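Structure record follows, encoded as structure tokens.
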Ligand SMILES: [Cu+2]
């Protein structure tokens with residue numbers, strides 16, 4: 001029954017990418033953050049976007065670092081989300 005075990009491991013390998021977390025990271029420059037509550041609003045606006053795994057906002061650097069699934073979200077959608085929340089952003093170059 002060794003072939004069965006081989007088959008099982010081959011199947012596992014083939015299926016793994018479906019479950020593996022494929023995430024992409026983008027850094028946004030965020031405008032209008034003036035107080036400690038602003039980053040919370042920005043973070044919430046980003047985490048509401050389908051496909052966003054997490055967002056970390058830095059008030060000092062005026063940036064947002066976003067981890068997202070590139071199959072479900074895109075940087076342009078993230079920019080739109082913060083902009084709609086009152087914090088226009090752009091992809092950090
Ligand atoms: Cu504020």
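Here, each number is a calculation from the coordinates, and none is a lab measurement. Small disclaimer: the values here were computed from a predicted structure and weren't measured.
Each Cα pair under 8 Å and six or more residues apart adds its sequence gap; the mean of these over the residue count of the range 16-93 is a relative contact order of 40 percent. Here the extension length gained between residue 77 and residue 56 equals 5.9 nm, from 0.36 nm per residue of separation less the Cα-Cα distance.
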